[in-house]
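Colleague: So that we are looking at the same thing, I have put the structure below in structure tokens.
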Amino acid sequence: MTGLSSNGDQRLDSHQRRIWEIVSQSPLDSLWNLHGVPVRVVASRVWNAVYADRLFGHAAELGFYFLFALFPALFCASSILGLVARSGHQVYDSLLDHLALVIPTSALGTVLDTFNETTAAASSGKVTLGLIAAVWAASVGVSAIQDTLNVVYKIEDSRSYFVARLHAIGLTIVLAVIVSLGLACLLGGDYVAALARLGFDDPILATKVTFAARVVGWAMAAALVELSFSAVYYWAPELKKRRWHWLTPGGLLGLLGWFLASLGFRLYLHFFDNYSLTYGSLGAVIILLTWFYITGLMLLVGAEINSEIEAALVEMRLAIPPAPGPEGALTGL
């Protein structure tokens, strides 16, 4: 049975342990209704929990695993595109043009160079090897997410190594499908925009359709990224009872924080790009690792927001004397 983590036992009193047991056993129907809990209380709890749960250290761990999984995935993708068509690298270049909005340019160049080198030697054997390596490497990162979210929810994973890894591989495949669909939405928007430019004689109408197609493509891609956050928050922690939420405050704030932090980091590098002078060829790797660190941190902060909302509501509920009843039990919110 899932219980409180050993690390949590050392810093939680019996009242807090009771709160987190209820959070694990009785998930809320909605995280948007705070039931009178002030936002500043939730914000204070999140701020303290981020340091107490060492999210900055865990985000660094996730950043390493994301980097570790990147190149096997890139190897597999380049092999697939190299087999499908000679112009496969052009398709991938188009995807990278979209990702360039958030990924630092110097790091993106390193990724593109590696992709072009592996595409030239694509083979069916490399597809199989690359796919296995990519799934396995990515599942290591997902396992780290599982461990960290268990810390966030103050629970201990009682699953065996093999069961936990199978769950991680399953979640990895789900996330890979979601990300692929998101990239397909971006390409689909570009494709419809290109057709509009060629198919409409009226330039004003063509411009409107082109703009609408790209907005819809980006909106669908953003929705799928949010869906990936929801999938992680649902499957990763070993809660006693799970409840699916399409959109949560933590997921929305985590996504916005990731996008804004990525843009800020990109602007910083644009005006203060001296990594290459200081670190040489390692500069691009350091930049990419930093961006993965930001990605991991925003994912974990979103989970922390959701967990602290639930904990704050449970704590408020416990502070109110239960109404007399046949069982005198605590009812859910």
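Colleague: Going by how many other Cβ atoms sit within 10 Å of their own, how do Lys240, Lys154 line up, fewest first?
Modeller: Lys240, Lys154
Colleague: Say each of Tyr268 and Asp202 gets a label point 7 Å from the Cα, pointing the same way as Cα to Cβ; how far apart are those two points in nm?
Modeller: 4.7 nm
Colleague: Can you sort Val232, Val177, Val23 so the residue with the fewest Cβ neighbours within 10 Å comes first?
Modeller: With the sparsest Cβ surroundings first, the list reads Val177, Val232, Val23.
Colleague: Students often check this: by mean Cβ neighbours within 10 Å, which of 306-315, 247-256 ranks highest, and how do the rest follow?
Modeller: Most protected by this proxy first, the peptides run 306-315, 247-256.
Colleague: What are the ³J(HN,Hα) couplings of segment 220-227, residue after residue, when phi is run through the Karplus curve with 6.51, -1.76, 1.60 and θ = phi - 60°? Round to Hz, x for glycine and proline.
Modeller: Values per residue, Gly and Pro as x: 5, 5, 5, 5, 6, 5, 4, 4 Hz.
Colleague: Enumerate the amide H contacts of Ile155 below 5 Å, restricted to partners 5 or more residues apart or on another chain; note that Pro and chain-start residues carry no placed amide H.
Modeller: Ser5
Colleague: Turning to a different aspect of this structure: Work out the FRET efficiency for Lys241 and Ser30 from their Cβ-Cβ distance, taking R0 = 22 Å, and round it to the nearest 0.05.
Modeller: It comes to 0.90.
Colleague: Determine the equivalent ellipsoid of segment 145-279 by diagonalising the alpha-carbon gyration tensor, then write out the semi-axes as square roots of 5 times the eigenvalues, largest first, rounded to whole Å.
Modeller: Working from the Cα gyration tensor, I get semi-axes of 37, 22, 14 Å.
Read the figures in this text as sums done on the coordinates, not as results from a lab. Predicted model, so just to flag it, every value in this text is computed and none were measured. Glycine also receives a Cβ, built like all others from the backbone with ideal geometry; neighbour counts cover every protein chain displayed.
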